[in-house]
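The values are calculated or read from the model by the stated rules, or taken from the named source; none is laboratory data. Since the model is a prediction, treat every value here as computed from it, not as a measurement. Here Cβ is always computed from backbone atoms with ideal geometry, including for glycine, and neighbour counts include all displayed protein chains.
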Protein chains: 2
Amino acid sequence: MTEISDQSLEADVFARDCSSRTTLQAVTGRWGSLVLIALGESNYRFSALRRRVDGVSERMLSQTLQNLERDGMIVRTVLEAIPPKVEYHLTPLGRQVADHLSGLIELVQDNMPAVRDAQARYDERRGAGD
Amino acid sequence: MTEISDQSLEADVFARDCSSRTTLQAVTGRWGSLVLIALGESNYRFSALRRRVDGVSERMLSQTLQNLERDGMIVRTVLEAIPPKVEYHLTPLGRQVADHLSGLIELVQDNMPAVRDAQARYDERRGAGD
């Protein structure tokens, strides 16, 4: 195995041209994160996944799934059936990412009362100040 | 303390109107995540932070900092000096979020060779297929 490019040597999300920044955005983005978490709960077919991720359009879900498949986070499986069924599940790497995301989402959800308090105080200061 | 709204009872990022989804996006977004990780390393003044987060515009950094401050993730401190110096640091909640993000970013950075392999295979299939 030979190194294909310098990028293989070290990834740094702080560098604007590092491809790891794009992958990080794909897994933490508006829909990518929710799709990964959902697939961490169970495998899903497209239509069921769309119901789970409330508010996503068919086009955005399709694009999100393609990006996650391309990055090796999920696998698209065509099941033998008439008509054929397509199912999505996590790869081992996708599972690791989903586990990290779950922890983060739980933290945010659990702290929403504190976040809303902070928002109210901020808005009050802003209203009083400038 | 009384419950102000139903939202205080249970946060669910899968629900399209839940405010936790907005907060999750703020901390995982393109710039929010990098700012939180940077402030996890040390406190920063605006100009130094802008150099650390390679590629962010002054306007976007300013907006990102305001959003994170409003959500109670960071604190903006004006230091006594002539001219006054402004410094940003994490709140305890921001620190917890930054720790989770660091783990996720490390995972993505460490797995970039595998991600790039997956991308190459995907592009090859696409090129050969449709």
Answer yes or no as to whether A:PRO113 is modelled with pLDDT under 95 and away from chain B (no Cβ under 13 Å).
-> no
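Let's see how each residue does on (1) assigned to a helix (DSSP H, G or I); (2) surrounded by 14 or more Cβ atoms within 10 Å (Cβ to Cβ); (3) without any contact (Cβ under 8 Å) to a residue 12 or more places away in the chain; (4) not polar (S, T, N, Q):
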residue	(1), (2), (3), (4)
A:ILE37	yes, yes, no, yes
A:VAL56	no, yes, no, yes
A:ARG59	yes, no, yes, yes
A:LEU65	yes, yes, no, yes
A:PRO83	no, no, yes, yes
A:HIS100	yes, yes, yes, yes
A:VAL108	yes, yes, yes, yes
A:PRO113	yes, yes, yes, yes
Could you list, in sequence order, all residues of the range A:33-64 that are under 12 Å from the mean Cα position of the chain (by Cα) and within 14 Å of A:ALA98 (Cα to Cα)?
-> A:SER33, A:LEU34, A:VAL35, A:LEU36, A:ILE37, A:ALA38, A:LEU39, A:GLY40
Residue pairs qualifying under the 8 Å Cβ cut-off, at least six apart or on distinct chains, with the first in the range B:116-129 being surrounded by 13 or more Cβ atoms within 10 Å (Cβ to Cβ) and the second being charged (D, E, K, R) and at pLDDT 95 or above, are B:ALA118/A:ARG70; B:ALA118/A:ASP71; B:GLN119/A:ARG70; B:GLN119/A:ASP71; B:TYR122/A:GLU69; B:TYR122/A:ARG70
Every residue from the range B:74-122 that is in contact with a strand residue (DSSP E or B) (Cβ under 8 Å, 6 or more places away or on another chain) and of a type in the set (Asp, Glu) = B:GLU87
Scan the range B:37-48 and give yes if some residue there is touching a His at 6+ places or on another chain (Cβ under 6 Å), more than 11 Å from chain A (Cβ to nearest Cβ) and farther than 22 Å from A:GLN25 by Cα, otherwise no.
-> yes
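Could you check, for the range B:10-20, whether at least one of its residues is charged (D, E, K, R), surrounded by 14 or more Cβ atoms within 10 Å (Cβ to Cβ) and modelled with pLDDT of 95 or more?
Looking through the range B:10-20, none of the residues is charged (D, E, K, R), surrounded by 14 or more Cβ atoms within 10 Å (Cβ to Cβ) and modelled with pLDDT of 95 or more.
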Consider B:VAL78 against the criteria (1) of a type in the set (A, V, I, L, M); (2) surrounded by fewer than 20 Cβ atoms within 10 Å (Cβ to Cβ); (3) part of a helix (DSSP H, G or I): it satisfies all of them except one. Which criterion is unmet?
-> (3)
Any chance the range A:65-86 includes a residue that's at the interface with chain B (Cβ under 7 Å from one of its Cβ atoms) and more than 18 Å from B:ARG121 (Cα to Cα)?
-> no
Answer yes or no as to whether A:SER47 is crowded, with 21+ Cβ neighbours inside 10 Å and in a helix (DSSP H, G or I).
-> no
If you go through B:GLY94, B:GLY103, the only one that is at pLDDT below 95 and either farther than 17 Å from A:VAL75 by Cβ or more than 8 Å from every other protein chain (Cβ to nearest Cβ) (or both) is B:GLY103
Can A:GLN25 be described as closer than 20 Å to B:GLY29 by Cβ, at pLDDT 95 or above and surrounded by fewer than 20 Cβ atoms within 10 Å (Cβ to Cβ)?
-> no
